[in-house]
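K.L.:
Structure below; questions to follow.
The values are calculated or read from the model by the stated rules, or taken from the named source; none is laboratory data. Given the structure is predicted, the values throughout are model-derived calculations rather than measurements. As a convention, Cβ positions derive from the backbone with ideal geometry for all residues, glycine included, and neighbour counts pool all protein chains shown.
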Amino acid sequence: MRFKFPLMALSLEVAMIFLFKLFVQYETDDNILQQTNRTKSTDEFFVLYSLFQDVHVMIFVGFGFLMTFLKKYGFSSVGINLFIAALGLQWGTLIRGILHYHGQTIPIGIISMINADFSTATVLISFGAVLGKISPIQMLIMTIIEITVFVGNEYLVAENFMASDIGASMTIHAFGAYFGLAVAGILYRPGLRRGHKNEESEYHSDLFAMIGTLFLWIFWPSFNSAIADAGEKRYRAIVNTYFSLAASVLTAYAFSSLVEDRGKLNMVHIQNATLAGGVAVGTCADMNIGLYVSMIIGSTAGMVSVFGFKFLTPLFATKLMIQDTCGVHNLHGLPGVIGGLAGIAAVAMGVSDKSTWAMQAAALGSSIGTAVFGGMFTGLILKLPIWEQPPDHNCYDDSVYWEAPGGKNMIIIYEYSSQSQLELEV
Amino acid sequence: MRFKFPLMALSLEVAMIFLFKLFVQYETDDNILQQTNRTKSTDEFFVLYSLFQDVHVMIFVGFGFLMTFLKKYGFSSVGINLFIAALGLQWGTLIRGILHYHGQTIPIGIISMINADFSTATVLISFGAVLGKISPIQMLIMTIIEITVFVGNEYLVAENFMASDIGASMTIHAFGAYFGLAVAGILYRPGLRRGHKNEESEYHSDLFAMIGTLFLWIFWPSFNSAIADAGEKRYRAIVNTYFSLAASVLTAYAFSSLVEDRGKLNMVHIQNATLAGGVAVGTCADMNIGLYVSMIIGSTAGMVSVFGFKFLTPLFATKLMIQDTCGVHNLHGLPGVIGGLAGIAAVAMGVSDKSTWAMQAAALGSSIGTAVFGGMFTGLILKLPIWEQPPDHNCYDDSVYWEAPGGKNMIIIYEYSSQSQLELEV
Amino acid sequence: MRFKFPLMALSLEVAMIFLFKLFVQYETDDNILQQTNRTKSTDEFFVLYSLFQDVHVMIFVGFGFLMTFLKKYGFSSVGINLFIAALGLQWGTLIRGILHYHGQTIPIGIISMINADFSTATVLISFGAVLGKISPIQMLIMTIIEITVFVGNEYLVAENFMASDIGASMTIHAFGAYFGLAVAGILYRPGLRRGHKNEESEYHSDLFAMIGTLFLWIFWPSFNSAIADAGEKRYRAIVNTYFSLAASVLTAYAFSSLVEDRGKLNMVHIQNATLAGGVAVGTCADMNIGLYVSMIIGSTAGMVSVFGFKFLTPLFATKLMIQDTCGVHNLHGLPGVIGGLAGIAAVAMGVSDKSTWAMQAAALGSSIGTAVFGGMFTGLILKLPIWEQPPDHNCYDDSVYWEAPGGKNMIIIYEYSSQSQLELEV
């Protein structure tokens, strides 16, 4: 049983190396021409490389640390996040390339790298819904399936519906959230319906999570603009996202204080709902919607996200039997749907003529639909009793999968001034 | 009373959206021409976007984490920092735009975004002086007033005095510090004259603060060069700042060890005085002063900053009745003044012919003067007993404004090896 | 005795300022022409500035936090890292400039800044081998000597052997590792042969270390490409490194689980071996080796690195009497040698015609040889009993060199919910 995870990981890496040998090559002057409307200028490469690095920080530091809020699950949050993303970016490169180049050789440019990072984002969002309740092997399997489904839906949305979704409110955020919720629903644990003693934060774990929040917040304009057309559209994607995020911070703080006892702020809201503006403005980000409209979208998303955490997540757990550990429905699901709806409205009002409102609606429906079915299918596979899923009492606990630091079995009482400590063996 | 903060935040956001609808629009080829000596090249946009993102990290991660050194005030430090900055960048965009475009429509380009971030920096500096002693509502009010005064002084310095201050030693750092000190002076708490048991760091809070220090240190060359003229000047702003910062690290370590008992290093000095070189070289950063002169400025600032922490801050608290929580006088005040004086000297010696030494001196005087009067005025408003200012015994304590993590009332004794814990209800 | 460190630091800074006055100047249109095959375009400057900043984050945040894994040595890890790097970048600028410009005036451009940061990397790697066992004065001396030797070897490798080593697998990673191991060997402490109670991590110190790991991982493509030729080569250095790193994550996780009891993951492996792919692909990074070959190099390095931590480091400590605190041999030494060997093979197979395989082999031999001899020489100097080396029982303990936070001598028992605490004076 202890060999399953390493052997699957090794087999996958070996397979990946073979597939890369067969299908992947460097971008060269020849094969660059196959790619749509891009000139291969070094300048363009490095403008995009800079945006890629911003996205890269979001994926590995942003998502990774955002999930460290659980007091005993920080190693898994940041560690499995790294594993998933490193696996996912290789698989995403391949599967996306094979689909887009119809089985011909896939040239790897900076756009492929950005898209590879994007494809991992969906899995990392879904990871948030099942955080603490599934094993590394289950995450590995989910990564492979989810990225495959994601690439299919994204192709449908972009190539068939020709829909606008530049910041991927629908294809990444809503998709990732509903996929994760579907998996969490299938893997529902009745034993945890009254919660779990490890499913809470502590003072410093909440501060670690803020590292994630802040890097996500800061670089979100790069996320929403990285694959936008150079010029006006990329510029608008940046400024719309900048102001939408700022607006969602104000409403997230305001409503967090309004819904909590005695007007206090709740760290969960601050860590998550402040980012809802980045998600929700995604679909329209490169459109000429007006800066104040971005701010309306952002404020709405910040507010809705807080309400989601306060009222929907408990309801999901009790009534719908979906345990959403990080509340991804409130950060990615609802704001993603808001983004999709805003996109439909914007196209209907003629702000963009790239697609029709019906096509936008089809894209939203397709993203949610494939996510739910893909997630249920994945959940059923993960439910097979061979994937080392942790029992209820070991949930949200790193020590199941990680060597504990230290190694001695003792109580430590720390003296701050001398930085020495009392140690009581137990 | 619990509704004041959320309702003020919401009203401000609604007002901001209306004002953006009225006054703000995207930068287009037409309105770009109204802006001074800039061509709208995409390349230039993305060179500046990259510098903007560096500054953005400084504002949200740098300032935010730098203030997490207090053992029980990390949520507020990093959380209120985010709130202030998100509010301030919207207000700064508006108020600066209205002043610079004389009430006409304000085009938002990358330079506006950098300046919006800059305007929040002043408030975040002042926040350091009053950290732990004022409420979120008070910070909200201070943000609105301080940015307004800042924009006025900056306009005076740049447009009337035509003074050089590319890295804003005077207009941001000295201004922010003396504004904050003036507020702290008005809000003096006699009850805390012997300190407060929460006003200290602990081991991990000091490490969190180093995240802030390092990102500030790393990206300071971008801060000082972001709005410099392209070419030689921007290049010089980068390299002067790089070497000034390096020099201030050496003197900060040396003098920290010299002034402390038994030659030990003090974390407060390392977290702050190592940055003094970035502040002090600001005014001259783009001038042809010679790299060794940058290093002299940096070394001096590192030394002066340590002396300030060791001797001035305690004196301020006891004699001047100004309680400066983070010691912003030592990181931003004194080094800002050194920067202003270096600027006067440099201009007097003919290194720059952009302004005269008298105009530089006027800029320094104006920055300190408006800061002190603006800060006193703000302090008087904040002193009104309606803003939920925390009582002395609740200072430096997150639990006044934040839901505590966990929620159960118990002593937790942690066993490291098993990562389980003893819990004693109390 | 308490004056040695500050006086040496101050004297060095004063000397540095004088030497900068004598030898260093801004890059101008005139002196730029002296530099090899570069045009002074602002665009090129800012492409490189962006890569420089990525490297800068790696040096100060990456290396600094990676070493905070020790439970009581975080201040020194991140603090002495900052000190060394700030000193080293000034000294590296000078010594490298003097050698390359043959004593003429040294122009400072972005390439010099990148190389200055690179030269500090060698010392930071060696720091990892002796972490916790030497004093700040010893580190200061080591910095000055090691950078001097590094610059000499690098000159030999690049100018005499004309060898390819774009990502510096040999000249930085292998060199830094073997230099540090040689110092650690000379400074062997028999008293610590059974370990030390402080030489272990705790839960949160391991999370702090992951901040370092992730920023190193994210920006490694920039490290390997920063001084590559613009165009194809820089592009390839980026994509080869991206995929090599991803592959090494998979094998690091797989073999960590394989070699540990009950298939658990070990944080030390995850923090370090996931980066081995970046080190090992360094020498070949800009060559046309094929993406799958990068992945083979990365997978191999990830595997070898885990084996090194599991089997070699204990062996080194017991048999070779070399105590390698951070296991730099496994992260930088072995993967650096793999990189050198891959370079020899690639050149032998005609992938690059920049040098011959014999010259590549000479470069690898020279890097390891000068490192070992330089390290032994440095170790002998550091062994002089005048440098305040800490006694065995004070190793891995910040409180020897840092003021303890707090200052009161008491046991603190923390109540999470109220965030108040019981304090028992002792």
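K.L.:
For the range C:265-304, which positions are of a type in the set (Ser, Thr, Tyr) and surrounded by fewer than 24 Cβ atoms within 10 Å (Cβ to Cβ)? If you could, list the steps in order and put the result at the bottom.
P.N.:
Quick first cut of the range C:265-304, residues of a type in the set (Ser, Thr, Tyr) only: C:274, C:283, C:292, C:294, C:299-300.
Passing the criteria: C:TYR292, C:THR300.
K.L.:
Given the residues A:LEU94, A:LEU140, which is the only one that is touching a residue at least 12 places away in the same chain (Cβ under 8 Å), assigned to a helix (DSSP H, G or I), under 19 Å from A:PHE52 (Cα atoms) and touching a helix residue (DSSP H, G or I) at 6+ places or on another chain (Cβ under 7 Å)? Step through it out loud before you land on a result.
P.N.:
On the way: A:LEU140 fails: under 19 Å from A:PHE52 (Cα atoms).
It is A:LEU94.
K.L.:
Evaluate the following for B:PHE118: is it within 23 Å of B:ASN330 (Cβ to Cβ) and out of contact with any Ser or Thr (no Cβ under 7 Å at 6 or more places or on another chain)? So that I can check it myself, show each step before the final result.
P.N.:
On the way: within 23 Å of B:ASN330 (Cβ to Cβ): yes; out of contact with any Ser or Thr (no Cβ under 7 Å at 6 or more places or on another chain): yes.
In short, yes.
K.L.:
Please give the number of the condition C:VAL47 fails out of (1) within 9 Å of another protein chain (Cβ to nearest Cβ); (2) over 30 Å from C:PHE215 (Cβ atoms); (3) modelled with pLDDT under 95; (4) part of a helix (DSSP H, G or I).
P.N.:
Result: C:VAL47 passes all but (2).
K.L.:
Still on this structure, I have one more. Looking only at the range C:50-79, which residues are of a type in the set (Phe, Trp, Tyr), under 18 Å from B:MET58 (Cβ atoms) and more than 7 Å from chain B (Cβ to nearest Cβ)?
P.N.:
Once the filter is applied, which keeps residues that are of a type in the set (Phe, Trp, Tyr), under 18 Å from B:MET58 (Cβ atoms) and more than 7 Å from chain B (Cβ to nearest Cβ), the range C:50-79 yields C:PHE52, C:PHE65.
K.L.:
A further question on this structure: Under 6 Å between Cβ atoms, at least 6 apart or on separate chains: pull out the pairs that start in the range C:223-236 with a residue that is among the small types (Gly, Ala, Ser) and end on any residue that is assigned to a helix (DSSP H, G or I) and modelled with pLDDT of 90 or more.
P.N.:
From residues that are among the small types (Gly, Ala, Ser), the pairs are C:SER225/C:ARG234; C:SER225/C:ALA237; C:SER225/C:ILE238; C:ALA226/C:LEU51; C:ALA226/C:VAL55; C:ALA226/C:ILE114; C:ALA228/C:ARG234; C:ALA228/C:ALA237.
K.L.:
Same structure, new question: Please go through the range B:256-276 and pick out each residue that is touching a residue at least 40 places away in the same chain (Cβ under 8 Å) and either polar (S, T, N, Q) or more than 7 Å from chain C (Cβ to nearest Cβ) (or both).
P.N.:
Hits for the range B:256-276 are B:SER256, B:VAL259, B:ASN266, B:VAL268, B:HIS269, B:GLN271, B:ASN272, B:ALA273, B:THR274, B:LEU275, B:ALA276.
K.L.:
Could you please find all residues in the range B:14-27 being assigned to a helix (DSSP H, G or I) and in contact (Cβ under 8 Å) with a residue 60 or more places away in the chain?
P.N.:
First pass over the range B:14-27, keeping only residues assigned to a helix (DSSP H, G or I): B:14-23.
Result: B:MET16, B:LEU19, B:PHE20, B:PHE23.
K.L.:
A further question follows. Can you tell me which residue within the range A:277-295, out of those that are in contact with a helix residue (DSSP H, G or I) (Cβ under 6 Å, 6 or more places away or on another chain) and within 8 Å of chain B (Cβ to nearest Cβ), is nearest to B:PHE60 (Cα to Cα)?
P.N.:
The first filter runs over the range A:277-295 and keeps only residues in contact with a helix residue (DSSP H, G or I) (Cβ under 6 Å, 6 or more places away or on another chain), leaving A:277-287, A:289, A:291-292, A:294-295.
Adding the requirement that they be within 8 Å of chain B (Cβ to nearest Cβ) leaves A:291-292, A:295.
Numbers: A:LEU291: 22, A:TYR292: 23, A:MET295: 19 Å.
Within the range A:277-295, the match that is nearest to B:PHE60 (Cα to Cα) is A:MET295.
K.L.:
Now for a different question. Could you please find all residues in the range B:97-113 being part of a helix (DSSP H, G or I) and within 11 Å of chain A (Cβ to nearest Cβ)?
P.N.:
Narrowing the range B:97-113 to residues part of a helix (DSSP H, G or I): B:97-100, B:110-113.
Hits for the range B:97-113 are B:ILE110, B:SER112, B:MET113.
K.L.:
Please work out which residue is nearest to the other protein chains (Cβ to nearest Cβ), limiting yourself to the range A:199-211 and to residues that are closer than 16 Å to C:ASP206 by Cα and among the small types (Gly, Ala, Ser).
P.N.:
A:SER205
K.L.:
Restricting to the range A:163-198, count the residues that are of a type in the set (S, T, N, Q) and within 11 Å of chain B (Cβ to nearest Cβ).
P.N.:
Of the residues in the range A:163-198, the ones of a type in the set (S, T, N, Q) are A:164, A:169, A:171, A:198.
Right, trim to within 11 Å of chain B (Cβ to nearest Cβ) and you get A:198.
Matching residues across the range A:163-198 total 1.
K.L.:
I've got another one for you. Can you pull out the residues in the range A:345-401 that are surrounded by fewer than 16 Cβ atoms within 10 Å (Cβ to Cβ), of a type in the set (Asp, Glu) and in a helix (DSSP H, G or I)?
P.N.:
Residue satisfying the conditions is A:ASP392 alone.
K.L.:
List every residue pair whose Cβ atoms lie under 9 Å apart, where the two residues are 6 or more positions apart in sequence or sit on different chains, the first residue falls within the range C:156-177 and is free of Cβ contacts under 8 Å to residues at least 24 places away in the same chain, and the second residue, located anywhere, is in a loop (DSSP other than H, G, I, E, B) and buried (at least 24 other Cβ atoms within 10 Å of the Cβ).
P.N.:
That search, which allows pairs on different chains as well, returns C:ALA158/C:ASP165.
K.L.:
Please determine whether any residue of the range A:305-314 is without any contact (Cβ under 8 Å) to a residue 60 or more places away in the chain, crowded, with 22+ Cβ neighbours inside 10 Å and touching a Phe, Trp or Tyr at 6+ places or on another chain (Cβ under 8 Å).
P.N.:
At the first step, the residues of the range A:305-314 found to be without any contact (Cβ under 8 Å) to a residue 60 or more places away in the chain are A:305-314.
Checking the rest, the ones that are also crowded, with 22+ Cβ neighbours inside 10 Å come to A:305-306, A:308-309.
With the extra rule that they be touching a Phe, Trp or Tyr at 6+ places or on another chain (Cβ under 8 Å), the set shrinks to A:306.
Looking for residues that are without any contact (Cβ under 8 Å) to a residue 60 or more places away in the chain, crowded, with 22+ Cβ neighbours inside 10 Å and touching a Phe, Trp or Tyr at 6+ places or on another chain (Cβ under 8 Å), one finds at least one in the range A:305-314, hence yes.
K.L.:
Okay, moving on. Select, from A:SER222, A:SER248, A:SER257, the only residue that is farther than 17 Å from A:LEU331 by Cβ, out of contact with any Phe, Trp or Tyr (no Cβ under 7 Å at 6 or more places or on another chain) and at pLDDT 95 or above.
P.N.:
Values: A:SER248 fails: farther than 17 Å from A:LEU331 by Cβ; A:SER257 fails: out of contact with any Phe, Trp or Tyr (no Cβ under 7 Å at 6 or more places or on another chain).
Just a single option satisfies the conditions, and that option is A:SER222.
Yes or no, residue by residue, for (1) closer than 27 Å to A:GLN271 by Cβ; (2) within 12 Å of the chain's Cα centre (by Cα); (3) not aliphatic (A, V, I, L, M):
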| residue | (1), (2), (3) |
| --- | --- |
| B:ILE59 | yes, yes, no |
| B:LYS71 | yes, no, yes |
| B:PHE75 | yes, no, yes |
| B:ILE84 | yes, yes, no |
| B:LEU89 | yes, no, no |
| B:THR93 | yes, no, yes |
| B:ILE106 | no, no, no |
| B:MET113 | yes, no, no |
| B:ILE125 | yes, yes, no |
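K.L.:
Please tell me if B:GLU159 is within 15 Å of the chain's Cα centre (by Cα) and either more than 23 Å from B:TYR242 (Cα to Cα) or part of a loop (DSSP other than H, G, I, E, B) (or both). Working first, answer last.
P.N.:
Values: within 15 Å of the chain's Cα centre (by Cα): no; either more than 23 Å from B:TYR242 (Cα to Cα) or part of a loop (DSSP other than H, G, I, E, B) (or both): yes.
For B:GLU159, the condition - within 15 Å of the chain's Cα centre (by Cα) and either more than 23 Å from B:TYR242 (Cα to Cα) or part of a loop (DSSP other than H, G, I, E, B) (or both) - is not met.
K.L.:
If you go through the range B:142-163 one residue at a time, how many are in contact with a Gly (Cβ under 6 Å, 6 or more places away or on another chain) and either of a type outside the set (A, V, I, L, M) or buried (at least 24 other Cβ atoms within 10 Å of the Cβ) (or both)? Don't jump to the end; show me each part of the working.
P.N.:
Kept after step one, since they are in contact with a Gly (Cβ under 6 Å, 6 or more places away or on another chain), are these residues of the range B:142-163: B:143, B:147, B:149.
With either of a type outside the set (A, V, I, L, M) or buried (at least 24 other Cβ atoms within 10 Å of the Cβ) (or both) added as a condition, the list becomes B:143, B:147.
Total satisfying the criteria: 2.
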